[in-house]
Amino acid sequence: MTSPVSLSPAQAAARLTEFTVIDVRGPGEYASGHVPGALNIPLDRLSEAVPALKSASARGALLVVCASGVRSTRACDILSAADIDAATLTGGTSAWEGEGRDLDRPAGSRTGWPLERQVRLAAGSLVVAGLLAGVRYPAARWLSAGIGSGLVYSAVTDRCGITAVLARLPYNRDPRAAASLDATLDALQG
């Protein structure tokens, strides 16, 4: 398995019409703004999209996008294992927007916090809660130790349990996501 090709936002923008763009963020994140023309296939649903993505890749190049580039790199690795070539957008939609490029935002969508920001809030809050509760109940400090250990594990493995939990919360899901995934897979089949 080879490392995926990484494209800067400028490189991707110059060739955007050549790509089928796949955004692997959750539906709530996707709805808050995505690279123009991107189709949403959340990373946790990627395995069921492999046949459709194989069909799409036979017709042209795939560009995989997420918020920062971490999930899109993981998605490219999954696709590579299925013998599908795909490139990843370096820095994700954050870098895309940071360079002044527009994001598409569906009408009526709300701009929520990115998942990474939600993780920082949840982890930080749990650490502080563990330390505060530890003043009265010393065993509560183990909560802080557990969260800290989980963050270290997350950094080493590039997988985050808090992210997986938060992605399933209702405000991070678009109620139309299941129907739109089916439509996306149909469109990719050609």
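Here the condition is being open to solvent by 20 Å² or more (accessible area, probe 1.4 Å) and hydroxyl-bearing (S, T, Y); of T73, T93, it holds for T73 alone.
Please identify the pairs in which a residue from the stretch 27-53 that is more than 20 Å from T17 (Cα to Cα) and in contact (Cβ under 8 Å) with a residue 40 or more places away in the chain has its Cβ atom under 8 Å from the Cβ atom of a residue that is open to solvent by less than 20 Å² (accessible area, probe 1.4 Å) and basic (K, R), counting only partners at least 6 apart or on another chain. Close Cβ pairs satisfying both conditions: P42/R25.
Checking each residue of the stretch 96-103 against the condition of being modelled with pLDDT of 90 or more, surrounded by 14 or more Cβ atoms within 10 Å (Cβ to Cβ), outside any helix (DSSP H, G or I) and on the phi > 0 side of the Ramachandran plot gives no match. Within the stretch 51-70, the residues that satisfy the criterion of being over 21 Å from V119 (Cα atoms) and surrounded by 17 or more Cβ atoms within 10 Å (Cβ to Cβ) are A52, L53, A56, S57, L62, L63, V64. Mind listing just one residue for me: the one in the stretch 1-60 that is among the β-branched types (V, I, T) and in a helix (DSSP H, G or I) and, of those, nearest to L188 (Cα to Cα)? So the residue we want is V50.
The values are calculated or read from the model by the stated rules, or taken from the named source; none is laboratory data. These figures come from a predicted structure and were not determined experimentally. A quick note on method: Cβ atoms are made from the backbone with ideal geometry, for glycine too, and the neighbour counts reach across all protein chains shown. Surface accessibility is based on the protein's heavy atoms, side chains included, excluding ligands, DNA and RNA. Shrake-Rupley method; radii C 1.70, N 1.55, O 1.52, S 1.80 Å.
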